[in-house]
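One structure below.
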Amino acid sequence: MPPDSSRVTPEVEIRRLNDKLPIISSDMFADSEEAENINGPCLIRVPSWLKDDEKAHPSAKYYLYFAHHLGKFIRMAWAAEIEGPWHLNNMKSPYNRGVLYKGSHEEIRSFNNISIVSRWAHVAAPHVLVDDNKQRLVLFFHSSTKNY
């Protein structure tokens with residue numbers, strides 16, 4: 001009886017990118033406390049409709065969103081090539097560390113100064129969807145329901 005072709009596993013090549021280094025590592029941060037917990041990554045290809053002056057960098061083709069699990073920021077790194085090198089975005093000041101800043105326990109402030117009143121203690125686990133129809137990036141994240 002001939003083999004069932006639906007059960008044949010195709011050959012797959014697995015290749016480690018970024019010179020076999022993590023995309024985001026603690027040595028990319030000036031403050032070791034900020035780098036102690038890097039998780040919840042979400043990688044997207046930068047949509048073609050996003051203008052160069054709206055990008056993290058004009059050559060950016062990939063965005064990687066991530067956060068400290070108990071942090072105050074949703075961070076982003078960008079790269080011109082999927083293989084890297086990767087660069088942290090918005091690392092200019094203590095209050096400008098990414099695409100979303102939680103601020104005090106009562107407020108979440110986005111990069112475009114939209115504030116969301118909240119009692120959440122942290123923001124983490126970013127997930128970004130590319131909405132090509134409305135030409136926007138939609139950021140989802142989680143947080144706790146009480147302060148601690």
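The values are calculated or read from the model by the stated rules, or taken from the named source; none is laboratory data. No experiment lies behind these values; they were computed from the predicted model shown. FYI the Cβ positions are ideal-geometry reconstructions off the backbone, even for glycines, and counts take in every protein chain you see. Protein only, heavy atoms only, side chains kept; ligands, DNA and RNA dropped before computing areas. Shrake-Rupley method; radii C 1.70, N 1.55, O 1.52, S 1.80 Å.
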Checklist entry - GLU13 label point, 7 Å along Cα→Cβ, cut-off 20 Å on backbone N: hits in the range 42-81? => result 81
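Between the DSSP loop rule and a limit of at most 11 other Cβ atoms within 10 Å, which trypsin sites (Lys or Arg not before Pro) in the range 1-88 are left?
Here the trypsin sites (Lys or Arg not before Pro) that fit, given the DSSP loop and packing criteria, are ARG15, ARG16, LYS51.
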Next on the checklist: Counting only protein heavy atoms and a 1.4 Å probe, tell me what percentage of the range 1-69's accessible area is made up of carbon and sulfur.
Outcome noted: 50 percent
Checklist entry - Roughly how many Å² of LEU88 are accessible to a 1.4 Å probe, to the nearest 10? => result 40 Å²
Next on the checklist: Give me the base-10 log of I(q)/I(0) for the range 45-88 at each q in 0.22, 0.28, 0.32 Å⁻¹, Debye formula, one uniform scatterer per Cα, rounded to two decimals.
Outcome noted: -0.72, -0.97, -1.12
